[in-house]
1. Only Lys, Arg, Asp and Glu count, each charged at its Cβ (+1, +1, -1, -1), so figure out the dipole size of segment A:229-384 about its Cα centre, rounded to 20 debye.
2. Nm distances between the label at B:PRO230 and the same-position labels in the remaining copies, 7 Å along Cα→Cβ, shortest first?
3. How many nanometers, to one decimal and shortest first, lie between the label point of A:GLY92 and those of its other copies, if labels sit 7 Å from Cα toward Cβ?
4. Could you work out the Kirkwood radius for segment B:228-384, taking every pair of different alpha carbons, averaging 1/r and inverting it, reported in Å?
5. What's the average, rounded to a whole number, of partner chain beta-carbon atoms within 10 Å of each residue's beta-carbon in B:370-381?
6. Heavy-atom accessible area per residue, the protein assembly as shown, 1.4 Å probe: how many Å²?
7. What does the charge count near B:ARG133 come to, summing +1 for each Lys or Arg and -1 for each Asp or Glu among other residues with Cβ under 11 Å from its Cβ?
8. Would you please give the FRET efficiency between A:ALA135 and A:GLU156, computed as 1/(1 + (r/R0)^6) with r the Cβ-Cβ distance and R0 = 22 Å, to the nearest 0.05?
2 protein chains.
Amino acid sequence: MADQDGPAPAAKPRRPAEYRPGGRTAPASQRGMRQQNLSLVLRTVADQGPLSRARVAAHTGLTRAAVSSLVEELRGADLLVESGPEPGGRVGRPGSALAVSDRGAAGLGLEVGVEHLGACVVDLRGEARVWSRTAAANRGRAAAQVLADLAAVADEVVRQASGQGLRPVAAVLAVPGLVGSAPGTVEHAPNLGWRHEAVVPLWPGTLPVEVENEANLGALAELWSRSVGPDFVHVSAEAGIGAALVIDGRLFRGARGFAGELGHVPVRPDGPPCACGARGCLETYAGEAAVLRRAGLEGVAMDPVGALGERARAGDARVVAALERAATAMGTALAGAVNLVDPAAVVLGGAYAELGEWLMPGIRRELERRVTVRPWQADALRVSAHGRRGPLLGAGLTTVRRILDNPGRFTLP
Amino acid sequence: MADQDGPAPAAKPRRPAEYRPGGRTAPASQRGMRQQNLSLVLRTVADQGPLSRARVAAHTGLTRAAVSSLVEELRGADLLVESGPEPGGRVGRPGSALAVSDRGAAGLGLEVGVEHLGACVVDLRGEARVWSRTAAANRGRAAAQVLADLAAVADEVVRQASGQGLRPVAAVLAVPGLVGSAPGTVEHAPNLGWRHEAVVPLWPGTLPVEVENEANLGALAELWSRSVGPDFVHVSAEAGIGAALVIDGRLFRGARGFAGELGHVPVRPDGPPCACGARGCLETYAGEAAVLRRAGLEGVAMDPVGALGERARAGDARVVAALERAATAMGTALAGAVNLVDPAAVVLGGAYAELGEWLMPGIRRELERRVTVRPWQADALRVSAHGRRGPLLGAGLTTVRRILDNPGRFTLP
DNA sequence: GCTATTCGTAAACGCGAAAAACAAATTAGT
DNA sequence: ACTAATTTGTTTTTCGCGTTTACGAATAGC
């Protein structure tokens, strides 16, 4: 028949042969089918901009009739809106443009930093509509206290959002520390002084809340805001040096959730002793403490990374040399990571993103030197598009992606 | 109702929160639902041993009626067989045990090594029913010649299999080299002297054939024969030192298919120069050539790894020292990999598996020293269950898993 | 105006799993 | 030995959902 004039359904460059042994355990049901197609339609509209029903049908492979039915359900839940007839330069009846709603369900992002609290509300289109960041001295304070303060900030943000017709349905909290496999608990956040804190029960708000490591969320923000493709390594130095691995559009957590400990990859087997007990870990060269000591800025307490940037900009040779040394070590460790994982890009995020000007050349040099048996372009090393805002944005976006991935939860009930 | 007395549907220990942004592109259809459930039933029987229809229903969550219908279709395709009434110690009508067929569709595994050719036929139960390994000097021979020889071996194996009622439906060829993203081409197999060889068109047999790196297949053999869990790193030294990463039951190939180049992970940034142009790569310490040189066995052409094992067993101090040095370097590089990827186990496979007795202590020591910020048990380092037989077994199993994952291809047509 | 084309919807259809009902085969209890 | 209870496997009915087919609506080109 070929009644569609558009380009063929895009036949994504599928991976050669996908070995999937285990597979799902849940049976495929008609209900599951419907939910999957609801999500497919919603995500298609979210990804490909405003689209008519017919174009959605062409993109997804569903029939126009099926799309009509699915769209009706999504409109009823205020997830999709009809923005009127498309401007038609073409022959035939013009379609009616569909777009993801900028009202209704939304995501609440929360962040606890060492020196600040943050909250934001992200709408279904992925835009941060309300944003708040307030200074706070959280180091060493009890978790319950910190969360109470954060709840006040969150309340204000939610109030402003509801003025714009936005209704957050869930919250995600970014923390600078290791989140355990037990859901909602922070195993170890050295910079806050938290250990084995069951955060979720302490949260005074009413919205369901989830906890996640801030470096992971920063990486997800990069992914979901399309500033980078679906395969990359996101390096972030906050509490230690962490690397979030995003592979085929999925955050990679490892067998026990400890993946990405780039900070303890050996750089020189007999290098300086590390707090972890080993020698020559990357952190002993490029960790915040090591760089500050080398740069002669040990005393700085407030925003030490910002101070490094200032001094480097001012041309302080000692600081520049310290950053160069850190970059060389990071490049060596990253070369190992790239050889192992073969990402399409390496993104420098978190606080170190601001030091990219001084770190990138050294990292790039080591990567070019040590990644030779595969195609590797120099521009595959980039600086984060969001910098320090990444984790909070990622926290808000997490809930948004959940809605897009499973809209069925919001349509019928 | 709770009419099932068995344990609840097992609610697998699902990962905490799976972030899946992109997701499938294909729409969910009723046909797809059927195929998915056909696979679910077949895999359930394959994994959980002989099972009655009612038990399959309990395991999968499908109704007994649905299972009956699905089983009927699978029996018609000779994928499932009914092995008679179950011995009943329990009250009620005894069920009729279902098992995966040991006849009919099967997988043909093929292998081209530097010094041998191999072929095997694996039945749907995962058992190698026919096995053939013949010596052959393939180094430097033209690919077409080698494949012609291999086809003769394969013909004989297929003939024997058909005597047992087995009918291979597809072949997978294991090669010691890098398989490109273009399907069916070997980009570089240094030990064979192949470069940019489009192998598939050269194959004289009639069965559809696919090409895959032998280290990857060795890892998949471990996975599918359940000798290790679904998350591990499989180290294998054949052509260079490769690490196959298996994560959540899936082989991890990287953005461009080059993942797992453990051999060029830097061990000492300023170590000996490597053929790749960098310095201090793992291969300069633990590659076959480096170890042989250090051990004073440079001249050995036939099965040099076997020779290393012999001398080590005989107590040759120089050989033992060379292996110890290699082990230390491997342990250092693997520590970095474990810190990054957080696998549940590290498996030493391929030819080096036979040297495990001398390599494991050094590797284990470095791992224990350098993997400290997460739980890591010494027994997470193991030797392959299959050794050199792994790749060929994995090749045969690949087709078997394909059938189990998509039986719909074999039922209707 | 008229025709061709495209869009959105509606009705009939087909497929597949769920639900309900039923026959078959066994154990437990008397 | 006989009945009740229980479990299994099949049959029948029902329901949900995407597809097919058909039709009205809206536009461009003539």
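The values are calculated or read from the model by the stated rules, or taken from the named source; none is laboratory data. This one's a predicted model, so the numbers in the text were calculated from it and none came from an experiment. Virtual Cβ from ideal backbone geometry, glycine too; neighbours counted across all protein chains shown. For accessibility, only protein heavy atoms count, side chains too; no ligands or nucleic acids. Shrake-Rupley method; radii C 1.70, N 1.55, O 1.52, S 1.80 Å.
1. Value, rounded to 20: 360 debye.
2. Here the equivalent label points are 1.9 nm apart from this one.
3. 5.5
4. One over the average 1/r among Cα pairs gives 15.7 Å for segment B:228-384.
5. So the per-residue partner count for this stretch is 4.
6. It amounts to 42 Å² per residue over the protein assembly as shown.
7. In short, 0.
8. Calculated transfer efficiency: 0.90.
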